[in-house]
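A.B. asks: Shown below is the structure under consideration.
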Amino acid sequence: MSDASPLVPWITATLGCVVSYGVAHLSPRPSSLSATLFAGAKAFALSIALFFAGSLMHALCIDQLHQCSSHGDGNIKYAMGGILAFPIYWLIFSCLARATRLNRPRHF
């Protein structure tokens, strides 16, 4: 049986990129330091949530799917994908957010 444990952090990191991309398009682009720091706080909250999601995914992979094997205390590294991708989420929140439009009249 092959061990699918190394896939779990990649799945959670990819899921985090997709979620942060979606949230970024709903948020205005940060234009000040405080808004950039708030984007960082959102990225950190997402990474903490994905830590728990990665832990749950690895546990399900071991117990229900029987595709992963337990590594004792080393199981923590398979839940770390979401936290380690925190800077990527912050970059996505900061750079890919929608630009705020000025209220200009449209000329057709």
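A.B. asks: As a check on your grasp of the helix formula, calculate [θ] at 222 nm for the chain: sum -39500 (n - 2.57) over DSSP H runs of n ≥ 4, divide by the residue count, round to the nearest 500. Don't jump to the answer; show the numbers that get you there.
C.D. replies: Details: 4 runs with 65 residues, N = 108.
Roughly -20000 deg cm²/dmol at 222 nm, from the helical runs in the chain.
A.B. asks: Now, a different point. Bin by bin, in steps of 10 Å, what percent of the Cα pairs in the range 7-95 do you find, going until the bin that has the longest distance?
C.D. replies: 19, 43, 23, 11, 3
A.B. asks: Okay, next question. Rounded to the nearest 0.05, what FRET efficiency is calculated for L56 and S34 with R0 set to 41 Å and r the Cβ-Cβ distance? Write down the numbers at each step before the final one.
C.D. replies: Numbers: r = 33 Å, r/R0 = 0.81.
Efficiency at R0 = 41 Å is approximately 0.80.
A.B. asks: Expressed in nm to one decimal, what extension gain is obtained for the pair T14 and A49 from 0.36 nm per residue of sequence separation less their Cα-Cα distance? Before the final figure, lay out each step's value.
C.D. replies: Numbers: separation 35, 0.36 × 35 = 12.60 nm, distance 1.36 nm.
Result for the pair: 11.2 nm of gain on full extension.
A.B. asks: Any cysteines in the chain with zero other Cys Cβ atoms under 4.7 Å from their Cβ? List them, or say none.
C.D. replies: Flagged as lacking a Cys partner: C17, C95.
A.B. asks: Where Lys and Arg each count +1 and Asp and Glu each count -1, what net charge lies around S70 among other residues with Cβ under 11 Å from its Cβ?
C.D. replies: Values: positive: none; negative: D3, D63, D73.
Around S70, the charge tally is -3.
A.B. asks: How far is helix 7-26 tilted, in degrees, relative to the longest principal axis of the Cα atoms in the chain, given as a value from 0 to 90 rounded to the nearest 10?
C.D. replies: 20
Read the figures in this text as sums done on the coordinates, not as results from a lab. In this text, all values refer to a predicted model and were calculated from it rather than measured experimentally. Please note: Cβ atoms are built from the backbone with ideal geometry, for glycine as well, and neighbour counts cover all protein chains shown.
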